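These notes are about the structure you will find just below.
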Amino acid sequence: MTRITADVTFLRGYNQARVMALGRTGRTFERSTVVEATGLTPQAVSKVIARLTRDGLIRPAGVRRAGIGKPAVVYELVPDSRYAIGAHVARRTLRLVLVDLAGAVRHSAVSPLPDDFTPEQLLDNLASGVAAMTTSGDVRGKLTGVGIGMIGPLDHANGLVRGAHGLRHWHDVPLREIAEKHLDLPVHLDKDVTAGITAEAWRHGATFGDAALIMIESGIGGGFWLGGTAHRGAHTNAGEFGHTVVDLDGPRCVCGRHGCLEIVHNHAADAGDIARAARVVAVGVVNLLQTLDLAHVVLAGADLLRHPQTYLTAVTEAVRADARRADWLTTTVTLSSLGADAIAAGAAMQVLDQHYGVPELAPI
Ligand SMILES: [Zn+2]
């Protein structure tokens, strides 16, 4: 009995998510378009459309007459029917964005965080920022929650920040739980890079293949999209890309090992040799491609975006030359389409996904 209930709930959410994904592409759709795109029966699609219309998430946008048959109702997503706030917690700044149901960034604001900030200081900044973004009663009533993309290592499943290098007050902090209490809103906590790759996947839609987002901002991390979903790993700690070794005899890293990509990159960048720093990242990206066979590599992060062309050129050239890839092995390399908002926007999209995306299949 449990199994049937779980499957029905999953299927209902799954069908709804597929219709919402169609709506997010910005185009109008009708029942037959959905039937064609999803392979669902017309009856099942009618039910989903009726439910989404009742909840105000989609609306009729006219009719299409074709031939002598009954005119077909055309639907569209209602972008301002729901919102989510995304937060990007970096070492020195807090960036907040307001994202609508279609994934558009409506507002963006950055504020400084105190040096070596405490959980209480972050929560106070977060609360005042969220309050400022929801002054309009219209937004507050339609807010689904707050997504936080934060520096790791962290335990996404349990909502725990495990401890970031250089932040002394952040060891095993149950950030998701205390933020929910403080904000009185549902909170989703994830690694910054995983939030970032979610934003890219939303922008690209269903055609987005296996991908990595490489982020350079104080440290270096990687977020992964594999098999149509964010890849977090066995302990939800995937993405410590900066702590993979590229030089056995290299300098000692904050993690205690020698020659990590991050420390070798930072040494070059600190010496002003951005071209070399970019080449170090490029070597790491080629290693990733050889391991995972990715279709897209997205470059992001404040430090990288200060020299976007240098990094983009170095990585693109390395992918072309060093990976010795055959014609059928193609990988696109791009800068993040959302620029500095990528992480915060992705964190907000993760909240919307929790409500309107494909649900997790309940363990049976
Ligand atoms: Zn390291």
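The figures follow:
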{"quantity": "Potential lengthening between E76 and H107 on full extension [0.36 nm per residue; Cα-Cα distance subtracted]", "calculated": "8.9 nm"}
{"quantity": "Gap separating the Cα centres of segment 135-197 and segment 11-54, nearest whole Å", "calculated": "31 Å"}
{"quantity": "Farthest toward positive dipole pole in the chain [+1 Lys/Arg, -1 Asp/Glu at C-beta], among A282, A72, T310", "calculated": "A72"}
{"quantity": "Candidate lysines - alpha carbon under 26 Å from K191, same-chain residues fewer than 8 apart omitted", "calculated": "K142, K181"}
{"quantity": "Residue-averaged [θ]222 nm for the chain, counting only DSSP H segments that reach four residues, each worth -39500 (n - 2.57)", "calculated": "-12500 deg cm²/dmol"}
{"quantity": "Net charge dipole size for segment 22-87 [Lys, Arg +1 and Asp, Glu -1 on Cβ; Debye, nearest 20]", "calculated": "160 debye"}
{"quantity": "Degrees separating the helix 342-356 axis from the principal Cα axis of the chain, which is the longest one", "calculated": "30 degrees"}
{"quantity": "Highest to lowest packing among 339-348, 257-266, 133-142, 209-218, scored as the average C-beta count within 10 Å", "calculated": "339-348, 209-218, 257-266, 133-142"}
{"quantity": "Burial ordering of R12, R82, fewest other beta-carbon atoms within 10 Å first", "calculated": "R12, R82"}
{"quantity": "Rounded to the nearest 20 debye, dipole of segment 110-248 from Cβ charges on Lys, Arg, Asp, Glu", "calculated": "340 debye"}
{"quantity": "Cβ charges +1 (Lys, Arg) and -1 (Asp, Glu), total dipole of the chain, debye", "calculated": "1380 debye"}
{"quantity": "At R0 = 30 Å, FRET efficiency that the Cβ-Cβ distance of D138 and S46 yields, to 0.05", "calculated": "0.50"}
{"quantity": "Range of Cα positions in the chain per principal axis (Å), largest first", "calculated": "74, 53, 42"}
{"quantity": "Cα long-axis angle, helix 2-24 against the chain (0 to 90 degrees, to the nearest 10)", "calculated": "80 degrees"}
{"quantity": "L226-R65 FRET efficiency (beta carbon distance; Förster radius 51 Å; 0.05 resolution)", "calculated": "0.70"}
{"quantity": "Dimensionless Rg over Rh [segment 315-357; C-alpha; Kirkwood]", "calculated": "1.23"}
{"quantity": "Rounded tilt (10° steps) of 308-321 against the dominant C-alpha axis of the chain", "calculated": "90 degrees"}
{"quantity": "Qualifying lysines (Cα of each under 24 Å from Cα of K70; at least 8 residues distant if same chain)", "calculated": "K47"}
{"quantity": "Value of Rg to Rh for segment 141-239 (Rh from inverse mean 1/r over Cα pairs, i.e. Kirkwood)", "calculated": "0.99"}
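Values in this text are rule-based calculations from the coordinates and carry no lab data. Since the structure is predicted, the reported quantities are computational estimates derived from the model, not experimental observations. Here the Cβ is made from the backbone with ideal geometry for all residues, glycine too, and neighbour counts use every protein chain on show.
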